[in-house]
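The values are calculated or read from the model by the stated rules, or taken from the named source; none is laboratory data. Keep in mind that this is a model prediction, so the values were computed, not measured. Don't worry about glycine lacking a Cβ; one is built from the backbone with ideal geometry, like all the others, and counts go over all protein chains shown. The accessibility values were calculated without ligands, DNA or RNA, using every heavy atom of the protein model including side chains. Shrake-Rupley method; radii C 1.70, N 1.55, O 1.52, S 1.80 Å.
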Amino acid sequence: YPYIKVIMSTRNELFQERFGAIEEGSYQEHYKKMDMWHTADEFKNRIFWGYMKHFNITIRLNALSQRAFDLLTKDVLLLRFFCEVNEHQKQIYLYDVYKYEVFQQYIEKKAKEYRGSEIVLNQDNILFMLLNKIAGYMIEKKEFFKVPISIFTREEEILLIKMLENEVIFKDEQVIKSGILEKKSMTISFTFDEFRDFCITNYVLEHYYHSWCKSILEACRN
């Protein structure tokens, strides 16, 4: 399509913030907004089998349930997580998809990839520590988006930058503070809300479970 000069993309909920001005500006007549997502079977098949081919995954056709297929084609981020976890796997039986199991396997795989590398200065559990730090901040501040980079150590920043370049866990955003001097600061958010909820749940179970149990037992005694 030679008449197409520029293609810009964003998640629907961020459209107004990032590109809303186009609808009112001088380029209004020269652009078209398109929602790429639709549920046609042709699109579902193309994206599902395209991912399988890219990640070298073989699914047993007689063991691929409609439920599993629908779950993965409905949410491309979940499909990406699933494919990274199962890369190069052959003859997979895919009767269902358990999201939290996929998320746990994804974290373990990424932690193993970064473990012992120069990127994270040989700290074995830095990815788990990083996710816990973000979850703890979100709970404490009651803010579940746009975590400021300023809360991270230099080593954590190095890992975050690497992950922003190569992974799908986080997305970076710029925040402009108003005042006499304009100051820009970077924040990060989880790309996948359900993965964020999984990390927060793990943090709560790890850090608050025993104190909650103790409180419940004391309440029962009283």
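Scanning the range 44-85 for residues that are under 17 Å from the mean Cα position of the chain (by Cα) and of a type in the set (S, T, N, Q) gives a single hit, 73.
Just one of the numbered conditions (1) in contact (Cβ under 8 Å) with a residue 24 or more places away in the chain; (2) under 25 Å from residue 193 (Cα atoms) is not true of residue 82: (1).
Scan the range 162-174 residue by residue and report those that are open to solvent by 50 Å² or more (accessible area, probe 1.4 Å) and either of a type in the set (Phe, Trp, Tyr) or at pLDDT below 75 (or both).
Looking only at the range 162-174, we keep the residues that are open to solvent by 50 Å² or more (accessible area, probe 1.4 Å), and these are 162, 165-166, 172, 174.
The one that is open to solvent by 50 Å² or more (accessible area, probe 1.4 Å) and either of a type in the set (Phe, Trp, Tyr) or at pLDDT below 75 (or both): 174.
Looking across the range 185-195, the residues that are in a helix (DSSP H, G or I) and open to solvent by 30 Å² or more (accessible area, probe 1.4 Å) come down to 193, 194.
Quick one: how many residues across the range 183-222 are modelled with pLDDT of 65 or more and over 30 Å from residue 80 (Cα atoms)? So the answer is 3.
Quick check, is residue 14 open to solvent by 40 Å² or more (accessible area, probe 1.4 Å), of a type in the set (A, V, I, L, M, F, W, C) and part of a helix (DSSP H, G or I)? Spelling it out, it is not the case that residue 14 is open to solvent by 40 Å² or more (accessible area, probe 1.4 Å), of a type in the set (A, V, I, L, M, F, W, C) and part of a helix (DSSP H, G or I). Considering only residues that are more than 22 Å from residue 194 (Cα to Cα) and surrounded by 16 or more Cβ atoms within 10 Å (Cβ to Cβ), which ones fall in the range 41-63? 52, 55, 57, 59, listed by residue number.
Results for (1) under 20 Å from residue 106 (Cα atoms); (2) at pLDDT 85 or above, shown as yes or no for each residue.
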| position | (1), (2) |
| --- | --- |
| 14 | no, no |
| 17 | no, no |
| 29 | no, no |
| 47 | no, yes |
| 55 | yes, yes |
| 67 | no, yes |
| 70 | no, yes |
| 73 | yes, yes |
| 79 | yes, yes |
